[in-house]
There are 2 protein chains.
Amino acid sequence: MASNRENRNIPEGAEPSRRDLANAIRALAMDAVQAANSGHPGAPMGMADIAEVLWNDYLSHNPANPRWINRDRFVLSNGHGSMLLYALSHLSGYSLGMDEIRNFRQLSSRTAGHPEYEPEIGIETTTGPLGQGLTNAVGMALAEKVLAAQFNQPGHDIVDHRTWVFLGDGCLMEGISHEACSLAGTLKLGKLVCFYDDNGISIDGEVEGWFTDDTPARFEAYGWYVERAVDGHDPAALQAAVDNAVASGKPSLICCRTIIGFGSPNKQGTEATHGAPLGDAEIAATREALGWPYAPFQVPANIYAGWDAHAKGAATEAAWNERFAAYQLAFPELAAELTRRMSGDLPTGWSAAATAAIAEMAASDAKVATRKASQIALNAFAPHLPELIGGSADLTGSNLTEHAASKWITGDAANGNYVSFGVREFGMAAMLNGMTLHGGFIAYGGTFLTFSDYARNALRMAALMKVQSILVFTHDSIGLGEDGPTHQPVEHVASLRLMPNMAVWRPCDTTETAVAWRYAIERRDGPTSLILSRQGLPAQQRSADQLLGIERGAYVLVDVPDPQAIIIATGSEVEIAVAAAVALAAEGIAVRVVSMPCAEVFDAQDTAYRDAVLPAAIDKRVAVEAGVTDGWYRYVGLQGRVIGLDRFGESAPAGELFKKFGFTAENVKAVVQQLL
Amino acid sequence: MASNRENRNIPEGAEPSRRDLANAIRALAMDAVQAANSGHPGAPMGMADIAEVLWNDYLSHNPANPRWINRDRFVLSNGHGSMLLYALSHLSGYSLGMDEIRNFRQLSSRTAGHPEYEPEIGIETTTGPLGQGLTNAVGMALAEKVLAAQFNQPGHDIVDHRTWVFLGDGCLMEGISHEACSLAGTLKLGKLVCFYDDNGISIDGEVEGWFTDDTPARFEAYGWYVERAVDGHDPAALQAAVDNAVASGKPSLICCRTIIGFGSPNKQGTEATHGAPLGDAEIAATREALGWPYAPFQVPANIYAGWDAHAKGAATEAAWNERFAAYQLAFPELAAELTRRMSGDLPTGWSAAATAAIAEMAASDAKVATRKASQIALNAFAPHLPELIGGSADLTGSNLTEHAASKWITGDAANGNYVSFGVREFGMAAMLNGMTLHGGFIAYGGTFLTFSDYARNALRMAALMKVQSILVFTHDSIGLGEDGPTHQPVEHVASLRLMPNMAVWRPCDTTETAVAWRYAIERRDGPTSLILSRQGLPAQQRSADQLLGIERGAYVLVDVPDPQAIIIATGSEVEIAVAAAVALAAEGIAVRVVSMPCAEVFDAQDTAYRDAVLPAAIDKRVAVEAGVTDGWYRYVGLQGRVIGLDRFGESAPAGELFKKFGFTAENVKAVVQQLL
């Protein structure tokens, strides 16, 4: 760790006070922000005392083994205060060197403007978009509770850790905090403890102009334990509050009265400290006021010693390792399974089982809505995947997210694998991220595709963090019919495809749906959106090669010698494209049909494969998808045609809408003919 | 209204009971859902008694003049219960005939699956996406309060009406309900009264499994008046509750215990009534149980008479007209201005003032961030637009949404034009929709572009309803620099462009920004997103023709004889495109630069103009935009190139990121050269 400890020239002093320890955070925060000439010193300086108490007295972790599975999770939901987390990581002994602190907010540093998921240095989730860190933490606490229910045995509390959250006014104003905390109360997530940085200030100034909630009463209404008006700069008061929170057995909110930018004599307590450097003069004054005589990025050895979490962390983990050894002895299979689950490896036999199940589905010629096909796939796959956990945002019967092996989780009975998230799409999606980040689970959640809008930034966060969350988005187009334009996605499929690292699958039948599910389950480096129809779709028949083609994102579904044109289609429009090709063939016009269930996966194939599916020489191309057209021009070019829907839908039976908007074999055929 | 009153053959009976009146709603709802074989009978049947009391005893409206400016606003936030609203509209005498009720959920009917904004028949906003109707209503109530503060005079309460909301568990679970209701409490919207359909059921079943909030306590924590556990089937209890709510002077929540699907003997009180037809047998049983002997879509005359709101509505409006006449006499200018504001006409002289202001800005050569240019435009335009009201989701100093004439609105002082919405992006956007729907305002709101995700479905609702809401989205690309990928939009501009009827402007300098603002202000049939840079951008010099070209969405900014290639750019990349063209010209390569601040507006130009800007003959095309590339292929084709960013950004100074990701004149020049 020597590289982590500069400035050994600073003489060791007496035992530092708690305030001295906290001031190390303050100094690093104000100096790093100043050096970067950008950032947020206010929150780290205001929450430094809270952080010092939590990390030194309560947090169960081991900087030498940051991925220890039973570690406490710590989430900085007010992610703009990133320097707080970097300072804690550095000071307590993670592999985050002072060079990284000095490089705060610089290209390729590990100390980005907002914390970016990197458990190696104690960053359990990426935060910044307010309210989502808190919600990730609710997901983590749920994961811990469910995993404990699945694995712990009498006398063997092998999964047993807490989730701690720092949050600010911003998180509490965001709607997602309501969704997450309401559900946390219902699910009785008693190991979740949140510290509210009640500093009375947000970017626009004193929050009383726009935030007058009685926050303690609000959280009590959720069934939480609340500590009111704790002095956030008094370690003893904080300890008492944490002890009470832990003893309460409920999710807890500790409301800490703090002074934003604590220590800055002329700016503390004002929004001036929130999101801008203090300036050299004020930093000097703050050093003076805090009694912190050290140069920027200098931390004396006694301060490092006061923070060093290695010894305690090693002892804590060693004690758990002993318990785990006993568990292993008593329940060897469970122990092996827990180890496997936490490693993220799929079960032995998964691959063969999935292949067999898909082969069976491929042999069926039933007409099935792909949302139903998704349930068929879940029924086939779930028995092989105890790590699968999922649910719906109050649309279980519509999303068909429940399967034969589903067992509903409640606050009093967590040994299950199904969560009814309530009408909380954003909360659900951010909780999926948290469950996945915790480890031990593959998490999915369902809602109507149109309400992916509500969850959108959580999907983005999954993509950014490379988290596996699986989204089951049903009712995927005007094909949902009578519910009308508020519920009919038009721009959503295209819009999800724009999100870097989001895999968007829009399968055309049961087989493609099952392959999409398999992809989503096997993908460990990003989220997958499964875009599913409400209405029934016919089974397409495929050769073995074509079956393998699905996995490549796009493949030739209807081939003909010397095609004059190509129709590219997805999901419910594949059936129409095939019918159009058949009708064209009857007139002697040779047209290839390409089914493209996942453009992202297809784009990642080698050039040879892509050229084989879409040969450059065939530039007469028509794309068909019941949604906006913009994204298709990269496949059909300026000379091609896109049959899509660049307007909102209408409330009417689906069949009438498909006719009205030109999603018929006749129209596709006519457009191809115009092109030739 | 005869056409509205079928079945005169039903004999007039005695004075109908309140329950009889309510049963008319129940019968229409269950019969229409049955006829459509789709829809939601449960909520209309459960809330029928509440609706009957509200509409017959309290609602101040006039079906003969649905747009009467001082009418009460009624919002059905649980929009899936649309048949409730259609039944109320029909029964009380709006121009919604029984033929429309019979055509529930059919193509081109006015009775869509979810209510679609149509004030002529009493539909004040489109609802269905849960929580948003409630939030629209908060915006309406705020509009009423501000308008009253601006126009009322002692003894002349000329703007004085209530906003009434029906909502269900779903609305209360959604996060946006927290954002809106928290702010409604802070802003003391005392004329907002909400009825909570507390029926204990949501789609997944009994809500106690996923929704255990103490909702009354939650709303009291927001500073609301709450009536607990009112019997939603007892008119006297409801009247008492409404009277208390109105007297409280606070935003109010009346929690009504109801039975979902009330009257259905075998299904009431269960989720079976929520979203599916009851079935013929159960409908027959319900008729029997309710004592409603009439055939489907038959309403006896005495029931129509009991509902008819014409006489009362005419009297109510006449009384107000008298008051308005007195106001007009005492304050003729205010009266004329109120009339103008509510009509949606812009002030006389606006156009000339805007033209002059833009000409002045066009003459400046200052380097200005377009967020700052937006503030300059606001400073120039706002003095001419008393209807302009706006704010920010706690980013006032970053979004630069405050202008010289801004006056902050508080709960106790509503005579202003600036709202600090707090960290509530979704709530803000849906409130903008509500304020605009109310009338009398042009409403704008600011946040970082990346957080347009949080607000996304409210933007969609604005687009769907053709509501004018103006969104000020700053920090529009990796150009924001150090805040990093959580805050750096990559897919957002492209994604907003996918939304039908959303105008997306990404101006390149002060002049384009001012033209974009003018467009947003003058557009009355849809929302506009203004996409603005954090960083400074140079002023481009333009001829008079080029200045006019901005209004056409795209125009030739750098022209050359016989161009060999075209570079298309937007926003901060225009500067780079121009520099590349200059560098290419120095090497004898003639390249045109097209600035395309608004693709949607450009696409709507006639073919001749579009061909003149982007001649088909020039197929060597390069698009440059610091965001995802997908959408650009429709302009550059398969043979063109797009210089964009199909990955997430990084935390670093903006200049370094632009270099790293190829947004430099050198790279653009090189790509053009490769193409030639």
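Quick notes on this one:
- Selection count where residues are at negative phi and at the interface with chain A (Cβ under 7 Å from one of its Cβ atoms), scope segment B:482-493: 7
- Any hit, segment A:196-209, residues being within 8 Å of chain B (Cβ to nearest Cβ) and under 28 Å from A:Gly434 (Cα atoms): yes
- B:Glu271 fulfils the conditions (1) at pLDDT 95 or above; (2) out of contact with any Ser or Thr (no Cβ under 6 Å at 6 or more places or on another chain); (3) open to solvent by 30 Å² or more (accessible area, probe 1.4 Å) except for a single criterion, (1).
- The condition of being open to solvent by 30 Å² or more (accessible area, probe 1.4 Å), away from every other protein chain (no Cβ under 14 Å) and assigned to a helix (DSSP H, G or I) does not hold for B:Ala382.
- Residue within segment B:289-302 that is open to solvent by 30 Å² or more (accessible area, probe 1.4 Å) and assigned to a helix (DSSP H, G or I) present: yes
- Residues being open to solvent by 60 Å² or more (accessible area, probe 1.4 Å) and over 28 Å from B:Thr510 (Cα atoms) - total across segment B:337-365: 2
- Residue in segment B:494-515 that is among the charged types (D, E, K, R) and within 9 Å of chain A (Cβ to nearest Cβ) present: yes
- Taken over segment B:516-529, the criterion of being part of a helix (DSSP H, G or I) and either open to solvent by less than 10 Å² (accessible area, probe 1.4 Å) or within 14 Å of chain A (Cβ to nearest Cβ) (or both) is satisfied by B:Ala516, B:Trp517, B:Ala520, B:Ile521.
- Pair list, Cβ under 7 Å, 6 or more apart: segment B:246-260 residue on the phi > 0 side of the Ramachandran plot and of a type in the set (Gly, Ala, Ser), other residue modelled with pLDDT of 95 or more and open to solvent by 10 Å² or more (accessible area, probe 1.4 Å): B:Gly249/B:Gly190
- Checking each residue in segment A:453-467 for being touching a residue at least 60 places away in the same chain (Cβ under 8 Å) and more than 8 Å from chain B (Cβ to nearest Cβ) picks out A:Ala458, A:Leu459, A:Ala462, A:Met465, A:Lys466, A:Val467.
- Among helices (runs of 4 or more DSSP H) entirely within segment B:51-161, having at least 3 residues that are small (Gly, Ala, Ser) singles out B:82-92, B:132-151.
- Check on A:Thr450, of a type in the set (S, T, N, Q), at the interface with another protein chain (Cβ under 10 Å from one of its Cβ atoms) and buried (at least 24 other Cβ atoms within 10 Å of the Cβ): yes
- Candidate set: segment A:426-443, residues that are open to solvent by less than 10 Å² (accessible area, probe 1.4 Å) and within 14 Å of chain B (Cβ to nearest Cβ); chosen: the one farthest from B:Asp204 (Cα to Cα): A:Asn433
- Considered as a group, the residues in segment A:108-122 that are in contact (Cβ under 8 Å) with a residue 40 or more places away in the chain and away from every other protein chain (no Cβ under 11 Å) include one that is surrounded by the fewest Cβ atoms within 10 Å (Cβ to Cβ), and that residue is A:Glu120.
- Of the residues making up segment A:165-193, those that are away from chain B (no Cβ under 14 Å) and either surrounded by fewer than 24 Cβ atoms within 10 Å (Cβ to Cβ) or of a type in the set (Ser, Thr, Tyr) (or both) are A:Gly190, A:Lys191.
- Taken over segment A:656-672, the criterion of being open to solvent by 10 Å² or more (accessible area, probe 1.4 Å) and either in a helix (DSSP H, G or I) or at the interface with another protein chain (Cβ under 7 Å from one of its Cβ atoms) (or both) is satisfied by A:Glu656, A:Phe658, A:Lys659, A:Lys660, A:Ala665, A:Glu666, A:Asn667, A:Lys669, A:Ala670, A:Val671.
- Identification of strands (runs of 3 or more DSSP E) wholly contained in segment B:399-489 with 3 or more residues that are touching a Leu at 6+ places or on another chain (Cβ under 7 Å) and modelled with pLDDT of 95 or more yields B:442-448, B:470-474.
- Segment B:393-414 residues that are closer than 22 Å to B:Leu530 by Cβ, paired with ones that are in a loop (DSSP other than H, G, I, E, B) and acidic (Asp, Glu) (beta carbon under 7 Å, 6 or more apart): B:Asp394/A:Asp204; B:Thr396/A:Asp204; B:Thr396/B:Glu402
The values are calculated or read from the model by the stated rules, or taken from the named source; none is laboratory data. Note that the structure is a prediction, hence the values are computed from the model and not measured. Cβ atoms come from the backbone with ideal geometry, glycine included; neighbour counts cover every protein chain shown. Just the protein is used for accessible areas: all its heavy atoms, side chains included, with ligands, DNA and RNA removed. Shrake-Rupley method; radii C 1.70, N 1.55, O 1.52, S 1.80 Å.
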